[in-house]
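Colleague: First, the structure itself, so that you have it in front of you.
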Amino acid sequence: RAYLSSIVVDVSDRNRFEAELQAKTAELARSNAELEQFAYVASHDLRQPLRMVTSYVTLLERHLGETLDESSREFIGYTISGVRRMDALIKGLLDYSRVGRGGETLSDLDLEEVVADSCANLGLTGSSDEATVLVEHPLPRILGISSELIRLFQNLIGNAVKYRHPERKPEIRLSSRRQGNEWIITVEDNGLGIGAEHFERIFGMFQRLHAEGEFEGTGIGLAICRKIVTTHGGRIWVESEEGAGSRFMVALPASRAAARGLATH
Ligand code: ADP
């Protein structure tokens, strides 16, 4: 009887623990949602006055540009680029908070088309003067949100071009392989590479490895990628060797079509 009652205590302890865990998880989800809502509203409202500043300073430059001395023109230039940078940051934050907000439905997507759209948005075609994009066909079909997956590959391919090695024309190779119930999609470049100590942190918000002014950017792109991938039930990570290039890996759940064996590899 004593033994039985100890089991009963164990079970009720476990039930209480599970109930507490559930309550805490719900609380966390609620405060996360509130934070995201706040970021959305704050950044949305911030853009409006910022646009006003941009247009008035631009007008000022246009109307008074000729009459101003060199240092005043320089100050106006700094103001314009500062405001543009702030606008890019706010836009990045807005984009980040919009990921996974449920505006769009999941559809069965051909990753070949997704990647083609991402390249088109970047102004890249197969082999341009700027970069060569090689796709190992076929890429699989994935269940996902079209605009978000386009954005994901646009950010990864865009970075591969931006962080190019000064002595090499950027070459970006996309490939996929099936591993269990997931597709692993790889975006490989021959660019600057990333030190192993930064593999984790570059997916965080505002994390940049290069000196301000060296490359344009906000440090939000990969954070957006990570949010897109995790809200699709996947994972993202990087393997790289400094000076040789980087390999960004995206694991996404295999789509219903692929699960039914409709995919060709
Ligand atoms: P951004 O490009 O706006 O700075 P990201 O979040 O896209 O921000 O990337 C974070 C940082 O990771 C970049 O600033 C850069 O230092 C590094 N990085 C990203 N992609 C690559 C790449 N393909 N090769 C080398 N470094 C990269």
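The values are calculated or read from the model by the stated rules, or taken from the named source; none is laboratory data. In this text the structure is predicted, and so the values were computed from the model without any measurement. Cβ: placed from backbone, ideal geometry, glycine included. Neighbour counts: every protein chain shown. Note: accessible area is taken over every heavy atom of the protein model, side chains too, but ligands, DNA and RNA are not part of it. Shrake-Rupley method; radii C 1.70, N 1.55, O 1.52, S 1.80 Å.
Colleague: Need the failing condition index for LYS91 against (1) within 16 Å of the ligand (Cβ to nearest atom); (2) open to solvent by less than 60 Å² (accessible area, probe 1.4 Å), just the number.
Modeller: In the conditions (1) within 16 Å of the ligand (Cβ to nearest atom); (2) open to solvent by less than 60 Å² (accessible area, probe 1.4 Å), LYS91 misses (2) alone.
Colleague: Shifting gears a bit: Residue by residue through region 129-174, note down the ones that are small (Gly, Ala, Ser) and farther than 17 Å from THR231 by Cβ.
Modeller: Result: ALA131, GLY158, ALA160.
Colleague: Can you pull out every residue in region 228-251 that is among the hydrophobic types (A, V, I, L, M, F, W, C) and either open to solvent by 30 Å² or more (accessible area, probe 1.4 Å) or in contact with a Pro (Cβ under 6 Å, 6 or more places away or on another chain) (or both)?
Modeller: Within region 228-251, TRP237, ALA244 qualify.
Colleague: Given the structure, is PHE153 modelled with pLDDT under 95, aromatic (Phe, Trp, Tyr) and within 13 Å of the ligand (Cβ to nearest atom)?
Modeller: No; evaluated as a whole, the condition is false for this residue.
Colleague: Now, a different point. In region 75-88, is there at least one residue being open to solvent by 60 Å² or more (accessible area, probe 1.4 Å), in contact (Cβ under 8 Å) with a residue 40 or more places away in the chain and touching a helix residue (DSSP H, G or I) at 6+ places or on another chain (Cβ under 8 Å)?
Modeller: No; the residues of region 75-88 include none that is open to solvent by 60 Å² or more (accessible area, probe 1.4 Å), in contact (Cβ under 8 Å) with a residue 40 or more places away in the chain and touching a helix residue (DSSP H, G or I) at 6+ places or on another chain (Cβ under 8 Å).
Colleague: Next question. If we scan region 128-142, do we find a residue that is assigned to a loop (DSSP other than H, G, I, E, B) and of a type in the set (Lys, Arg)?
Modeller: There is no residue in region 128-142 that is assigned to a loop (DSSP other than H, G, I, E, B) and of a type in the set (Lys, Arg).
Colleague: Within region 199-219, can you find the residues that are more than 6 Å from the ligand (Cβ to nearest atom) and closer than 19 Å to ARG235 by Cα?
Modeller: Scanning region 199-219 gives PHE199, GLU200, ARG201, PHE203, GLY204, MET205.
Colleague: Let me ask you something else. From (1) in contact with a Phe, Trp or Tyr (Cβ under 8 Å, 6 or more places away or on another chain); (2) near the ligand (Cβ under 8 Å from one of its atoms); (3) closer than 23 Å to SER146 by Cα, pick out the condition that doesn't hold for LYS227.
Modeller: Single failed check for LYS227: (2).
Colleague: A follow-up question, please. Please pick out the residue among LEU106, LEU111, LEU60 that is touching a strand residue (DSSP E or B) at 6+ places or on another chain (Cβ under 6 Å), of a type in the set (A, V, I, L, M, F, W, C), more than 16 Å from the ligand (Cβ to nearest atom) and open to solvent by 40 Å² or more (accessible area, probe 1.4 Å).
Modeller: LEU106 is the lone residue from the list that is touching a strand residue (DSSP E or B) at 6+ places or on another chain (Cβ under 6 Å), of a type in the set (A, V, I, L, M, F, W, C), more than 16 Å from the ligand (Cβ to nearest atom) and open to solvent by 40 Å² or more (accessible area, probe 1.4 Å).
Colleague: Give me a count of the residues in region 181-198 that are within 8 Å of the ligand (Cβ to nearest atom) and without any contact (Cβ under 8 Å) to a residue 12 or more places away in the chain.
Modeller: Of the residues in that region, 1 qualify.
Colleague: Tell me which residues, restricted to region 221-255, are without any contact (Cβ under 8 Å) to a residue 24 or more places away in the chain and within 26 Å of ALA88 (Cβ to Cβ).
Modeller: ARG226, THR230
Colleague: Assess whether VAL133 counts as being under 24 Å from GLY204 (Cα atoms) and without any contact (Cβ under 8 Å) to a residue 60 or more places away in the chain.
Modeller: In short, no.
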